[in-house]
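Below: one structure, written as structure tokens.
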Amino acid sequence: MGLEDDGIAGITGDRLPDERRIEGDLSDAIRPGGALWALASAGPQLRESAALAADAGLAALAEEGRPRAVVVAGVGTAARTGDILATVAGPRCPVPILGHRSAGVPGWVGAADVVIAVSASGRSPEALAAAEAAARRGARLVAIGAPDSELQSLAERARASFVAVPRRAPARLSLWALTVPVLMAARELGLVNLVEADIAETARRLDEDAERCRPDADAYVNPAKELAMNLAGSIPVVWGSSPLAGVAARRFGDMLAANSRYPVVSGELGEVGRGRVGLLDGVFGSLAEGQKDIFADPDDSDELTRLRIVLMRDDGLDGDDANPKPDTRRADAVADLAGRRGVRCDVLPAEGGCALERLASLIAVPDFASVYLALAHGLDPMRVPAVSEMKDFTLGSE
Ligand SMILES: O=P(O)(O)OC[C@H]1O[C@](O)(CO)[C@@H](O)[C@@H]1O
């Protein structure tokens, strides 16, 4: 049993959310190792990880020049770091950046490529197999994960760079600690333009958002509690208005599924506009809104389940050479379509002066909201028996 979702302690929790649960005693979640504690440490996590990566000898990566391609290998949150790298590098990046979520590496990977193997625990079979395959094929390898792990031994045997990220929380609560070394490796390769001030500003924003979302701030001043209660009892639909916002939307989907255990639809508006937007006209969209009994008891479990849209809106940044300004028409259209059907749409705007900070501005509050939503249902966000059982099954079958 480790930090990750340990213990099949039975499923506790209440089908109906109750706001009083997040206004009361949250000592379990704020104690060191608890979910709110881990999220509140996002800023320090990012700073610490940047310092560790700076000492990890990543500069050696640049010695062989620009690679043909970069593969970021891992699963779950580790794989999300590859999506973040791709979005921070932007569509004009001269080298393809590919997230690889299954064991090993794609067949074409060879000596001209760089493989970044990421695993918070340092023992996911997918990341280990990727690191092994990269070393065998002579690709440049960087490994990122827990100190004294199998991944570290493998990296040492392959004489590859290893960034030891201390493991203080489950992978999904260590996003920033895992992401920064990936970005810093890509910076050495000349693929992202990330200056120290960007890292400092992003960490500062994470600190400020943690302060706004702190447990003793009531829902009317706490944006995460407010978002959690707006989503309570609904099917959340999280759409991002640009590639960057799309990554944040999928991240919110990960967190709502794992922490709050809500079914979520998430994606980027470019693809959504081609079909998924039809959800607005469906059983949980306009049909539910049309048949809603406005006098119904909100605690009545027969009340129709409805969609709630969370629109992560990124209007881009003037003068950002890596990322052209996104087309904002789809975001306007979705908000309008939802409004005309009576489907609630909360808009979260991206803020900040660089891609990383803008991403953080779309991730921090929703991360907290996913934990508050779990707590409002009496669920323990740190214990997800289905995840542990699934792991046991898959490891057992190997
Ligand atoms: O980063 P690690 O330790 O390789 O774990 C990968 C993924 O496996 C899980 O533990 C379970 O699926 C996720 O929470 C995590 O993101």
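The values are calculated or read from the model by the stated rules, or taken from the named source; none is laboratory data. In this text, all values refer to a predicted model and were calculated from it rather than measured experimentally. Backbone-built Cβ (ideal geometry, glycine too); neighbour counts: all protein chains shown. Accessible surface is based on the protein model in full, side chains and every heavy atom, while ligands, DNA and RNA are left aside. Shrake-Rupley method; radii C 1.70, N 1.55, O 1.52, S 1.80 Å.
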Fill in the blank from the handout: Among Gly267, Leu311, Ile11, the residue whose Cα sits farthest towards the positive end of the charge dipole of the chain (+1 at Cβ of Lys and Arg, -1 at Cβ of Asp and Glu, taken about the Cα centre) is Gly267
Practice task
Could you tell me how many degrees, from 0 to 90 and to the nearest 10, lie between the Cα long axis of helix 243-255 and the main elongation axis, the longest principal axis, of the Cα atoms of the chain?
Solution key: 70 degrees
Fill in the blank from the handout: Tilt, helix 196-212 to longest principal axis of the chain (alpha-carbon atoms), in degrees rounded to tens, equals 30 degrees
Completion exercise
Pseudo-spin-label distance Ala59 to Asp315, built 7 Å along Cα→Cβ, given in nm, is 4.2 nm
Problem - Among Ala331, Val195, Val70 the positive-end extreme of the charge dipole of the chain (Cβ point charges) - result: Val70
Fill in the blank from the handout: Quick calc, the stretch 41-194, dipole around Cα centre from Cβ unit charges on Lys, Arg (+) and Asp, Glu (-), nearest 20 debye, gives 260 debye
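So what is the 222 nm mean residue ellipticity for the chain from helices alone, if each DSSP H run of at least 4 adds -39500 (n - 2.57) and you divide by all residues, rounding to the nearest 500 deg cm²/dmol? Can you show the working numbers first?
Numbers: 16 runs with 170 residues, N = 398.
Per the formula, -13000 deg cm²/dmol.
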Exercise for the section: Based on the mean of other Cβ atoms within 10 Å per residue, sort peptides 208-215, 178-185 so the most packed one is first. Expected result: 178-185, 208-215
Practice task
For the stretch 41-194, build the charge dipole from Cβ charges (+1 Lys, Arg; -1 Asp, Glu) around the Cα centre, then report which of Pro125, Leu61, Pro96 sits farthest towards its positive end.
Solution key: Pro96
Fill in the blank from the handout: Expressed in square angstrom to the nearest 10, the accessible area of Asp55 with a 1.4 Å probe stands at 140 Å²
Exercise for the section: Compute the Cα gyration tensor for the chain, then decide on rounded, prolate or oblate, letting a ≥ b ≥ c be the square roots of its eigenvalues: rounded whenever a/c is under 1.5, prolate when a/b is larger than b/c in the other cases, and oblate in all that remain. Expected result: prolate
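Round to a whole number: what % of the accessible area of the stretch 41-194 belongs to carbon and sulfur, probe 1.4 Å? Present the calculation step by step, with values, prior to reporting the outcome.
Numbers: 2760 of 5630 Å².
C and S atoms contribute 49 percent here.
For the stretch 41-194, what is the accessible area per residue in Å², given a 1.4 Å probe and the full set of protein chains? Show your work: numbers first, answer last.
Values: 5630 Å² over 154 residues.
Here the per-residue accessible area is 37 Å².
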Completion exercise
For the chain, the dipole about the Cα centre with charges only on Cβ (Lys and Arg +1, Asp and Glu -1), to the nearest 20 debye, works out at 1140 debye
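Counting only other residues whose beta carbon sits under 11 Å from that of Leu39, what net charge do I get with K and R as +1, D and E as -1? Present the calculation step by step, with values, prior to reporting the outcome.
Details: positive: Arg172, Arg214; negative: Asp209, Asp367.
Counting the neighbours of Leu39, the net charge comes to 0.
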Exercise for the section: Mind grabbing the accessible area of Thr202 for me, 1.4 Å probe, Å², rounded to tens? Expected result: 0 Å²
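How do 274-287, 65-78 rank on mean C-beta neighbours within 10 Å, highest first?
Highest-to-lowest ranking by the protection proxy: 65-78, 274-287.
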Practice task
Under 1.5 on a/c is rounded, so check that first for the stretch 210-359, then, if it is not, pick prolate when a/b is larger than b/c and oblate when it is not; a ≥ b ≥ c are the square roots of the alpha carbon gyration tensor eigenvalues.
Solution key: oblate
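How about the stretch 124-210: which trypsin sites (Lys or Arg not before Pro) there lie in a loop by DSSP and see at most 14 other Cβ atoms within 10 Å?
Values: sites: Arg136, Arg137, Arg140, Arg157, Arg159, Arg167, Arg168, Arg172, Arg187, Arg204, Arg205; in loops: Arg159, Arg167, Arg168.
Hits after loop and neighbour filter: Arg159.
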Exercise for the section: Using only Cα atoms, tell me the angle between helix 125-137 and the longest principal axis of the chain; keep it within 0 to 90° and round to the nearest 10. Expected result: 30 degrees
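Inverting the mean 1/r over all pairs of different Cα atoms, compute the Kirkwood radius of the stretch 41-194 and quote it in Å. Let's see the in-between values first.
Numbers: mean 1/r = 0.0681 Å⁻¹.
The answer is 14.7 Å.
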